[in-house]
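Participant: Structure incoming, see below.
The values are calculated or read from the model by the stated rules, or taken from the named source; none is laboratory data. None of the values given here were measured: they were computed from a predicted structure. Using ideal geometry, Cβ is built from the backbone for each residue, glycine included, and neighbour counts are taken over all protein chains shown.
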Amino acid sequence: MSKVTTRREGDVLVVSLDNPPVNAFSAEVRQQMAAAIEEAGESDEIRAVVIRAEGRMFSGGADITEFNSAPVDPSLPDLIDSIETLAKPVVIALNGTALGGGCEIALGCHYRIAVPSAKIGLPEVKIGILPGAGGTQRLPRVVGVEQALPIIVTGNPISAKKAESIGLVDRVVEPEKLREEAIAFAREVAERDEHPVSSRRTDKISDTDPDVFDDFREKHARRLRGQEAPEKCIQAVKLATELPYEEGIAKEREFFIELVSGTQSKALRHVFFAERQAGKIDGLAKDVRPLPVRKVGIIGAGTMGGGIAMNFLSAGYDVTIVERKQDALDRGVGIIRKNYDATARKGRMTTEQVDAAMGHLTTSLDYRDFADCDLVIEAVFELMEIKKEVFGRLDEICKPDAIMASNTSYLDVNEIAACTSRPENVLGLHFFSPANIMRLLEVVRGDKTSPQVLVTAMDLAKKIGKVAVVSGVCHGFIGNRMLAVRQEQANAMLMEGALPDQIDRVLLEFGFPMGPFQMADLAGLDLGWKEDESDSSTIRDVLCERGRRGQKTGKGFYDYDENRRRAPSEEVNEVIRDFASRSGKEQRDISEEEIRERLLYPMVNEGALILEEGIAQRAGDIDTVWVNGYGWPPYTGGPMFWADTIGLDRILAGLERYEGTMEDREISTLLREKAAKGEGFND
Ligand code: T1G
């Protein structure tokens with residue numbers, strides 16, 4: 001079946017792209033489209049061309065899966081040049097999203113029209129490269145540097161309306177009229193003598209403010225920290241204002257080849273495909289269909305309950321929140337409203353959308369209001385006996401095919417399910433705080449969870465915009481189990497002489513947004529701490545007893561000024577030294593390399609144990625959990641991909657070197673075997 005077809009509409013040639021699922025510009029598509037452009041060029045009857053696409057979007061860009069294979073002609077830059085240099089006007093009709101190479105094709109066309117829902121962008125930087133088919137040279141020439149820089153360097157798409165306002169799109173037309181309007185527009189412009197050629201334009205770049213590039217670097221420094229591609233993007237756009245097009249495009253190509261063969265791009269492409277793979281459940285019959293879910297119940301209007309509810313409200317589900325006391329309910333609903341208002345103030349939602357979401361919310365003090373819910377999620381206190389009591393009541397109230405889910409972050413979902421008469425309808429849905437923001441959702445599959453309940457949960461996750469990863473039942477599932485191992489090492493190194501900010505700095509330099517002790521101060525050192533039971537038996541005890549309970553008390557492992565800026569605390573270092581000497585621990589200088597290896601290598605080892613036990617389906621799932629839930633820097637690919645890049649033999653050697661510090665944790669057999677064979681987890 002051809003992926004590109006042509007049809008003559010009088011003197012207009014309509015070229016249609018149809019390459020599901022995302023109309024990627026694979027080699028076959030490029031060859032067929034080049035032939036279509038040639039056909040238009042050779043025909044005297046044809047006076048103009050329309051390029052359009054079938055399906056829900058125009059194109060997701062170049063075919064990323066081809067990056068690792070030998071290039072096939074024509075390249076995308078060559079195809080775009082053939083469109084741009086055609087002696088007849090080419091109008092592109094964007095039926096939906098046009099990203100990467102799809103946007104660059106549009107920039108090579110002489111005229112662009114789009115439907116209102118179209119999103120247009122150059123997200124290449126998100127996979128560690130830069131637009132490699134003229135985007136860095138043509139976009140600034142069409143919209144100016146001020147508009148082009150954020151599109152290219154952040155990789156975030158813009159709306160059709162915005163694109164029209166900055167001159168990237170000539171017209172916005174209703175979807176049902178797109179094809180005919182494009183043909184009419186093509187006929188109209190065919191009358192013109194001249195047509196705008198993006199690569200020839202200089203009107204938008206001739207008086208570029210030379211400081212715009214440094215200003216942009218400064219403004220975005222924090223977010224772009226550690227990444228190679230954004231800087232190359234800025235340099236390429238700058239060259240567009242300094243060099244003739246031919247020289248600029250040659251530099252773009254040079255940067256592209258350098259980045260695409262680099263580790264960061266390989267890591268980010270791994271993350272891209274691993275996130276999509278995570279949504280697939282191995283070994284499940286293809287015909288298992290999700291159950292219908294219209295109404296969702298949430299137990300608990302606290303931070304987690306409220307955040308979880310917002311996901312479903314924003315996606316248009318009816319939500320019933322149940323609390324024990326009216327004031328807790330009012331407080332919870334108040335926070336939901338406040339969060340929505342804040343989102344609207346940032347322009348990420350309209351007030352109409354906020355009102356619509358809040359309109360789906362019902363509150364109650366009575367569990368019986370869950371009787372007609374398709375799904376009930378409990379977000380109550382993290383204690384097994386409370387969980388069991390809640391699920392016992394749900395079992396009595398919920399309708400036969402209702403799904404009962406626990407938002408537990410650690411506890412045994414099988415034990416929770418066992419206290420119902422229908423464990424096949426029970427699973428864990430582990431959201432991450434703030435639940436309305438964090439993309440990750442660990443879907444915890446109990447031993448008796450039915451395939452249909454699992455498929456329903458994965459389908460729902462996609463509908464509420466989450467990246468779902470299936471985890472088996474173990475303490476802390478995938479993410480928290482590995483986090484516990486890292487924290488163990490962090491605490492151990494404190495006793496051996498490393499200081500909190502020294503340990504945190506190692507992870508910050510590695511690319512994490514914060515280190516373990518900053519995280520502890522943010523969450524609160526008194527989380528799960530009971531003052532009346534405190535006996536100074538841990539460093540945390542002593543700090544809490546001294547009122548150092550974290551950022552909220554202005555001091556924890558760090559001291560905080562009024563702007564919440566942190567500073568190391570000599571009092572804390574003294575507590576640690578005192579603790580170490582009282583427990584007979586010899587203190588010594590610990591190198592940054594040892595700190596990094598002892599924080600990260602045991603995590604990789606725990607990941608390997610998680611794979612061995614079948615808790616995670618694949619290494620990419622573990623990477624997806626850590627990148628989307630725990631701030632692991634995506635440009636290193638996640639813990640398992642990162643381990644592959646530095647070599648499992650080196651990880652193993654490090655683990656053996658530090659074996660004495662890993663308490664009773666065993667080194668994974670899978671890791672040993674793969675290291676011996678020179679293999680990786682993601683091979
Ligand atoms: N190449 C190959 N496969 C792709 C793809 C692409 N560009 N985009 C998506 N897929 C696959 C994806 O893996 C999944 O496969 C299926 O399509 C559906 O995707 C020269 C070099 C377009 C917004 O970075 O952001 O152009 O799991 O589940 O949620 O400058 O996909 O079903 O087997 O994500 O509706 C730049 C990447 C390329 C955009 C659709 N483009 N794609 O989201 O579906 S580089 C991008 C996306 C480039 C030029 C350079 C999203 C989407 P499977 P999906 P979705």
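Participant: What are the residues in the range 342-368 that are over 14 Å from Gly300 (Cβ atoms) and surrounded by 14 or more Cβ atoms within 10 Å (Cβ to Cβ), if any?
Facilitator: Scanning the range 342-368 gives Thr343, Ala344, Met349, Gln353, Val354, Ala356, Ala357, Met358, His360, Leu361.
Participant: For the range 108-123, give me each residue that is part of a loop (DSSP other than H, G, I, E, B) and within 9 Å of the ligand (Cβ to nearest atom).
Facilitator: Step one: of the range 108-123, the residues part of a loop (DSSP other than H, G, I, E, B) are 109-110, 115-118, 122.
The one that is part of a loop (DSSP other than H, G, I, E, B) and within 9 Å of the ligand (Cβ to nearest atom): Leu122.
Participant: Can you find a residue that is surrounded by fewer than 18 Cβ atoms within 10 Å (Cβ to Cβ), of a type in the set (A, V, I, L, M, F, W, C) and either assigned to a helix (DSSP H, G or I) or in contact (Cβ under 8 Å) with a residue 12 or more places away in the chain (or both) anywhere in the range 606-626?
Facilitator: No, the range 606-626 has no match at all.
Participant: May I pose another question? Can you find, within the range 308-333, the residue that is surrounded by the fewest Cβ atoms within 10 Å (Cβ to Cβ) among those that are in contact with a strand residue (DSSP E or B) (Cβ under 7 Å, 6 or more places away or on another chain) and small (Gly, Ala, Ser)?
Facilitator: First, the residues of the range 308-333 that are in contact with a strand residue (DSSP E or B) (Cβ under 7 Å, 6 or more places away or on another chain): 308-309, 312-313, 317-322, 329, 332-333.
Now restrict to residues that are small (Gly, Ala, Ser): 309, 332.
On the way: Ala309: 30, Gly332: 21.
Among those that are in contact with a strand residue (DSSP E or B) (Cβ under 7 Å, 6 or more places away or on another chain) and small (Gly, Ala, Ser), it is Gly332.
Participant: Would you pick out the residues in the range 41-65 that are surrounded by 15 or more Cβ atoms within 10 Å (Cβ to Cβ), in a helix (DSSP H, G or I) and within 16 Å of the ligand (Cβ to nearest atom)?
Facilitator: Ile64
Participant: So which residues in the range 68-121 are out of contact with any Pro (no Cβ under 8 Å at 6 or more places or on another chain), among the charged types (D, E, K, R) and buried (at least 24 other Cβ atoms within 10 Å of the Cβ)?
Facilitator: If the condition is that a residue be out of contact with any Pro (no Cβ under 8 Å at 6 or more places or on another chain), among the charged types (D, E, K, R) and buried (at least 24 other Cβ atoms within 10 Å of the Cβ), then Arg112 is the only one that fits.
Participant: Going by the conditions given, is Lys388 modelled with pLDDT of 95 or more and part of a helix (DSSP H, G or I)?
Facilitator: Against the criterion (modelled with pLDDT of 95 or more and part of a helix (DSSP H, G or I)), Lys388 qualifies.
Participant: Could you tell me whether Ile298 is of a type outside the set (D, E, K, R), in a strand (DSSP E or B) and at pLDDT 95 or above? Break it down stepwise before answering.
Facilitator: Values: of a type outside the set (D, E, K, R): yes; in a strand (DSSP E or B): yes; at pLDDT 95 or above: yes.
Here the answer is yes, as Ile298 does meet what is asked.
Participant: Going by the structure shown, is Arg30 basic (Lys, Arg), under 26 Å from Glu188 (Cβ atoms) and out of contact with any His (no Cβ under 8 Å at 6 or more places or on another chain)?
Facilitator: So Arg30 fails the test.
Participant: Report every pair of residues separated by at least 6 positions or lying on different chains whose Cβ atoms are under 9 Å apart, first residue within the range 218-245 and in contact (Cβ under 8 Å) with a residue 12 or more places away in the chain, second surrounded by fewer than 13 Cβ atoms within 10 Å (Cβ to Cβ) and of a type in the set (Lys, Arg).
Facilitator: Short answer, once both residue conditions are applied: Pro230/Arg223; Tyr245/Arg200.
Participant: Here is a follow-up. If you scan the range 554-571, which residues turn out to be in a strand (DSSP E or B), over 17 Å from Val542 (Cα atoms) and of a type in the set (D, E, K, R)?
Facilitator: Within the range 554-571, just Arg566 meets the criteria.
Participant: Go through Arg225, Arg217, Arg171 for me and flag whichever is basic (Lys, Arg) and either under 21 Å from Val50 (Cβ atoms) or more than 33 Å from the chain's Cα centre (by Cα) (or both).
Facilitator: Matching residue, one of Arg225, Arg217, Arg171: Arg171.
Participant: Based on what the data block shows, is Leu79 within 21 Å of the chain's Cα centre (by Cα) and either touching a residue at least 24 places away in the same chain (Cβ under 8 Å) or within 9 Å of the ligand (Cβ to nearest atom) (or both)?
Facilitator: No: the conditions fail for Leu79.
Participant: Name the residues in the range 370-385 that are surrounded by fewer than 22 Cβ atoms within 10 Å (Cβ to Cβ) and either in a helix (DSSP H, G or I) or over 30 Å from the mean Cα position of the chain (by Cα) (or both), would you?
Facilitator: Across the range 370-385, the qualifying residues are Ala371, Asp372, Leu383, Met384, Glu385.
Participant: Being surrounded by 20 or more Cβ atoms within 10 Å (Cβ to Cβ) and in contact with a strand residue (DSSP E or B) (Cβ under 6 Å, 6 or more places away or on another chain) narrows it down to one of Ala274, Ala267, Ala301, so name that one.
Facilitator: Among Ala274, Ala267, Ala301, only Ala301 is surrounded by 20 or more Cβ atoms within 10 Å (Cβ to Cβ) and in contact with a strand residue (DSSP E or B) (Cβ under 6 Å, 6 or more places away or on another chain).
Participant: Among the numbered conditions (1) more than 13 Å from the ligand (Cβ to nearest atom); (2) within 13 Å of Phe58 (Cα to Cα), tell me where Ala163 comes up short.
Facilitator: Every listed condition holds for Ala163 apart from (2).
Participant: Right, something else. I'm told Lys286 meets every condition in (1) within 16 Å of the ligand (Cβ to nearest atom); (2) of a type in the set (Lys, Arg); (3) assigned to a helix (DSSP H, G or I) except one. Can you identify the failing condition by its number?
Facilitator: (3)
Participant: Test Lys219 against the stated conditions and say whether it is among the basic types (Lys, Arg), within 16 Å of the ligand (Cβ to nearest atom) and assigned to a helix (DSSP H, G or I).
Facilitator: No, not satisfied.
Participant: Which count do you get for residues in the range 654-681 that are at pLDDT below 95 and within 30 Å of the chain's Cα centre (by Cα)?
Facilitator: Total satisfying the criteria: 0.
Participant: Under 6 Å by Cβ, and 6 or more places apart or on different chains, what pairs join a residue from the range 420-448 that is closer than 20 Å to Arg276 by Cβ with one that is in a strand (DSSP E or B) and among the polar types (S, T, N, Q)?
Facilitator: These pairs meet every condition: Glu442/Ser471.
Participant: Would you mind telling me which numbered condition in (1) within 12 Å of the ligand (Cβ to nearest atom); (2) outside any loop (DSSP other than H, G, I, E, B); (3) buried (at least 23 other Cβ atoms within 10 Å of the Cβ) Lys126 fails?
Facilitator: Here Lys126 meets the rest and fails (3).
Participant: Determine which member of the set Ile105, Ile37 is of a type in the set (A, V, I, L, M, F, W, C), within 12 Å of the ligand (Cβ to nearest atom) and out of contact with any Lys or Arg (no Cβ under 6 Å at 6 or more places or on another chain).
Facilitator: Details: Ile37 fails: within 12 Å of the ligand (Cβ to nearest atom).
Within the list Ile105, Ile37, the selection yields Ile105.
Participant: Mind listing whichever residues of the range 239-283 are under 30 Å from Ile478 (Cα atoms) and away from the ligand (no atom under 11 Å from the Cβ)?
Facilitator: Scanning the range 239-283 gives Gly262, Thr263, Gln264, Lys266, Ala267, His270, Val271, Ile281, Asp282, Gly283.
Participant: Kindly indicate the residue of the range 129-147 that is away from the ligand (no atom under 14 Å from the Cβ) and assigned to a helix (DSSP H, G or I) and also surrounded by the most Cβ atoms within 10 Å (Cβ to Cβ) among those meeting that condition.
Facilitator: The qualifying residue surrounded by the most Cβ atoms within 10 Å (Cβ to Cβ) is Pro140.
Participant: If you don't mind, there's one more thing I want to ask. Suppose we keep only residues that are part of a helix (DSSP H, G or I) and within 13 Å of Ser2 (Cβ to Cβ) within the range 14-29. Which one would you say is nearest to the ligand (Cβ to nearest atom)?
Facilitator: Among those that are part of a helix (DSSP H, G or I) and within 13 Å of Ser2 (Cβ to Cβ), it is Val29.
Participant: Is at least one residue of the range 320-333 at pLDDT below 95, closer than 24 Å to Gly428 by Cβ and not hydrophobic (A, V, I, L, M, F, W, C)?
Facilitator: yes
Participant: Still on this structure: Tell me which residues, restricted to the range 652-683, are farther than 18 Å from Arg618 by Cα and among the basic types (Lys, Arg).
Facilitator: Once the filter is applied, which keeps residues that are farther than 18 Å from Arg618 by Cα and among the basic types (Lys, Arg), the range 652-683 yields Arg657, Arg665, Lys677.
Participant: Of the conditions (1) away from the ligand (no atom under 15 Å from the Cβ); (2) at pLDDT 95 or above; (3) over 23 Å from Val143 (Cβ atoms), Val90 clears all except one; give me its number.
Facilitator: So the condition that Val90 fails would be (3).
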